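Here is the structure we will look at, set down as structure tokens.
The values are calculated or read from the model by the stated rules, or taken from the named source; none is laboratory data. Owing to the predicted nature of the structure, the values given are computational and were not obtained by experimental measurement. Neighbour counts run over all protein chains shown; Cβ positions are idealised from the backbone, glycine included.
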Amino acid sequence: MPALESGHPEDRPRVLVVDDEKFIRDIIADFLGMEGYIVRTAEDGTSAVTELERARYDMVISDLKMPKMGGLDLLKEVARVHPDTLTVIMTGFGTVETAIDAMKRGAYDYILKPFKVEEIVHIVQRGLEKRRLAAENLRLREALSLYKVSEAIAASLSLDEVVSTLSDSALSEVRSDVVMTWLADGEGDFTLRSLNFSSLLEEGEELGGLDPAKVVERLASGPVTEHGARARELFATHPARQVSSLIIVPLKMRDRLLGFVATISLTASRRFDEGQRKLLSIIASRAAAAIENARLYEDLQATFQQTIQSLARTIDKMDRYTAGHSERVARYAVNLARWLGLDEIQIEVVRHSALMHDIGKIGCVMNLNKAGKLTQTEYEVFKRHPTYGREILDPIKFLGPVIPGVHLHHERWDGRGYPLGLAGKDIPLIARIISVADTYDAMTSDRAYRRALPHEVTVSEIERCSGTQFDPDVAGTFTERIEMLREELRASGVEPPE
Ligand SMILES: [Fe+2]
């Protein structure tokens, strides 16, 4: 291995040589110094401990027998205060047993006196290389799990998903016993959104909640790490278990506090360290961005739903006989879609298409409220409404998926419908579904020119027109299951048509 010549002095490994014989200290220091290490010396265990408090060391090479504090006691002290520092013990032939004993207690290696200097250089190089690799491995593992967590958080679209990914990863990656995620409710309060715990806590066991006001106050000056009694002070009620350690980091976007996440260790021997705090902070910053996104997405979804509902009401307002028609057609169509096995995304398209199916009536300049049947001319105008519907929705990109249902809901299975005269499966399934739902609601509602028809009559009419006006599969499914839906409606307090 080449000598360490380049690099900033801060990056060069530091070795502390401890021996009561000056000659031995100096010769080891000289040789390791020539290899590029930063070397300091101490004459006994006590002065070594003082030096270790003053500066960081990668390795301590210590004689076994020294006045004041001996090598074994020094080793114990290093293991306790600087667990990452490697230790090598030097000993004479008569005390090999003790050296082996030292290794059992965590010393990295031992050197037999008298030694060859090359031997020491070799042990130091080997030890520090092993330590470097171990640290690198750890960093890689951390980076990898962090990458996976970040990916999972970024891929979550809903708020629930983001929060559950955040809590799961805080529990496993930070190695904690309890994770609590609190979110701001937009009115200045914080509520517990999720509570995760390791197998240490019994199912249903209550730990006691944090006091959000105290926590938020503390978070003003950054993440909070507390142990023991000081950690317990942050709870609203005295926690039922001993809290060994706790980290709370804010979920922050720019200057806004969206919430916070707390990891708690109930294990006396597991106090959180700086590394865990950093890890949680990184996970939390990814989560905060994802929470913000999920909120924006939810807002957008709500705006979308509200826009569609408002448009549907506009349609129904044009004609006093069709009040609530769009919403009822949507209800029948959604159930029919579900019975036919469509997936949730398609079902949403069915819902929106059904709500909008008659929007083109806005374009028909005629009195839709007139008593009696439409004249031939009026009927020709009326028949344009599916085409108008398509034209009205065309500029709104996000409504693109609803256009086929709106444009083609008056097509017939036998090809005798309008506006295109499509037949069979050339008519999109959504339009075939709306066609049945629309007809059922129109027949069971009062119209300007007739009273509502009874449910039974309507069902037999749909059965009669199955295969001519309607897709037989769609019509068959509807007439088979409509009774069940009527039961459900009654159970939920909605009176279905007679
Ligand atoms: Fe229509």
Exception for residue 207 within (1) at pLDDT 90 or above; (2) buried (at least 18 other Cβ atoms within 10 Å of the Cβ); (3) hydrophobic (A, V, I, L, M, F, W, C) falls at (1)
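Here is a yes/no grid of residues against (1) without any contact (Cβ under 8 Å) to a residue 12 or more places away in the chain; (2) of a type outside the set (Gly, Ala, Ser); (3) within 30 Å of residue 64 (Cβ to Cβ):
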| site | (1), (2), (3) |
| --- | --- |
| 95 | no, yes, yes |
| 99 | no, no, yes |
| 103 | no, yes, yes |
| 125 | no, yes, yes |
| 135 | yes, no, yes |
| 162 | no, yes, no |
Per the filter on the stretch 382-415, residues more than 28 Å from residue 302 (Cβ to Cβ), away from the ligand (no atom under 13 Å from the Cβ) and either surrounded by fewer than 20 Cβ atoms within 10 Å (Cβ to Cβ) or modelled with pLDDT under 90 (or both) are 414, 415
query = Among the residues of the stretch 451-465, is there at least one that is modelled with pLDDT under 90 and touching a His at 6+ places or on another chain (Cβ under 9 Å)?
reply = no
Among residues of the stretch 132-146 being surrounded by 12 or more Cβ atoms within 10 Å (Cβ to Cβ) and under 24 Å from residue 174 (Cβ atoms), the residue farthest from the chain's Cα centre (by Cα) is 142
Look at residue 288 and say whether it is at pLDDT 90 or above, farther than 30 Å from residue 434 by Cβ and in a helix (DSSP H, G or I). yes
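Out of 354, 337, 323, 330, report the one residue that is within 16 Å of the ligand (Cβ to nearest atom), more than 14 Å from residue 308 (Cα to Cα) and out of contact with any strand residue (DSSP E or B) (no Cβ under 7 Å at 6 or more places or on another chain). Spell out how you get there, then give the answer.
Working: 354 fails: more than 14 Å from residue 308 (Cα to Cα); 337 fails: within 16 Å of the ligand (Cβ to nearest atom); 330 fails: more than 14 Å from residue 308 (Cα to Cα).
When all the criteria are applied, what remains is 323.
Look through 322, 377 and report the one residue that is at pLDDT below 90, surrounded by fewer than 17 Cβ atoms within 10 Å (Cβ to Cβ) and among the polar types (S, T, N, Q).
On the way: 322 fails: surrounded by fewer than 17 Cβ atoms within 10 Å (Cβ to Cβ).
Going through 322, 377 in turn, the sole match is 377.
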_Please verify whether residue 427 is surrounded by 16 or more Cβ atoms within 10 Å (Cβ to Cβ), modelled with pLDDT of 95 or more and within 25 Å of residue 373 (Cβ to Cβ), treating the condition exactly as stated._
no
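Assigned to a helix (DSSP H, G or I), surrounded by fewer than 21 Cβ atoms within 10 Å (Cβ to Cβ) and either within 16 Å of the ligand (Cβ to nearest atom) or in contact (Cβ under 8 Å) with a residue 24 or more places away in the chain (or both): does that describe residue 438?
On the way: assigned to a helix (DSSP H, G or I): yes; surrounded by fewer than 21 Cβ atoms within 10 Å (Cβ to Cβ): no; either within 16 Å of the ligand (Cβ to nearest atom) or in contact (Cβ under 8 Å) with a residue 24 or more places away in the chain (or both): yes.
Against the criterion (assigned to a helix (DSSP H, G or I), surrounded by fewer than 21 Cβ atoms within 10 Å (Cβ to Cβ) and either within 16 Å of the ligand (Cβ to nearest atom) or in contact (Cβ under 8 Å) with a residue 24 or more places away in the chain (or both)), residue 438 does not qualify.
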A careful count of residues in the stretch 56-70 that are closer than 14 Å to residue 25 by Cβ and either of a type in the set (D, E, K, R) or in contact (Cβ under 8 Å) with a residue 60 or more places away in the chain (or both) gives 2
Note on the stretch 73-89: residues under 15 Å from residue 127 (Cα atoms) and surrounded by 14 or more Cβ atoms within 10 Å (Cβ to Cβ) are 85, 86, 87, 88, 89
When restricted to 323, 268, 290, 312, the only residue out of contact with any Gly (no Cβ under 9 Å at 6 or more places or on another chain) and in the same structural domain as residue 445 (by TED's automatic domain parsing) is 323
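Considering only residues that are acidic (Asp, Glu) and at pLDDT below 85, look in the stretch 146-177 and name the one that is farthest from residue 264 (Cα to Cα). Even if it seems obvious, please write down each step before you answer.
Taking the stretch 146-177 as the starting set, the residues that turn out to be acidic (Asp, Glu) are 151, 160-161, 168, 173, 177.
With the extra rule that they be at pLDDT below 85, the set shrinks to 151, 173.
Numbers: 151: 24, 173: 13 Å.
This residue is 151.
Somewhere in the stretch 303-312, is a residue closer than 20 Å to residue 445 by Cα, in contact (Cβ under 8 Å) with a residue 24 or more places away in the chain and surrounded by 15 or more Cβ atoms within 10 Å (Cβ to Cβ)?
Filtering the stretch 303-312 down to residues closer than 20 Å to residue 445 by Cα leaves 312.
Those left that are additionally in contact (Cβ under 8 Å) with a residue 24 or more places away in the chain: 312.
Next, from what is left, pick out any that are surrounded by 15 or more Cβ atoms within 10 Å (Cβ to Cβ): 312.
Checked the stretch 303-312: at least one residue is closer than 20 Å to residue 445 by Cα, in contact (Cβ under 8 Å) with a residue 24 or more places away in the chain and surrounded by 15 or more Cβ atoms within 10 Å (Cβ to Cβ).
How many of the residues in the stretch 82-94 are under 22 Å from residue 134 (Cβ atoms) and touching a helix residue (DSSP H, G or I) at 6+ places or on another chain (Cβ under 7 Å)?
Here is the first cut: in the stretch 82-94, the ones under 22 Å from residue 134 (Cβ atoms) are 82-89.
Remaining after also requiring touching a helix residue (DSSP H, G or I) at 6+ places or on another chain (Cβ under 7 Å): 82, 85-89.
Residues meeting the conditions: 6.
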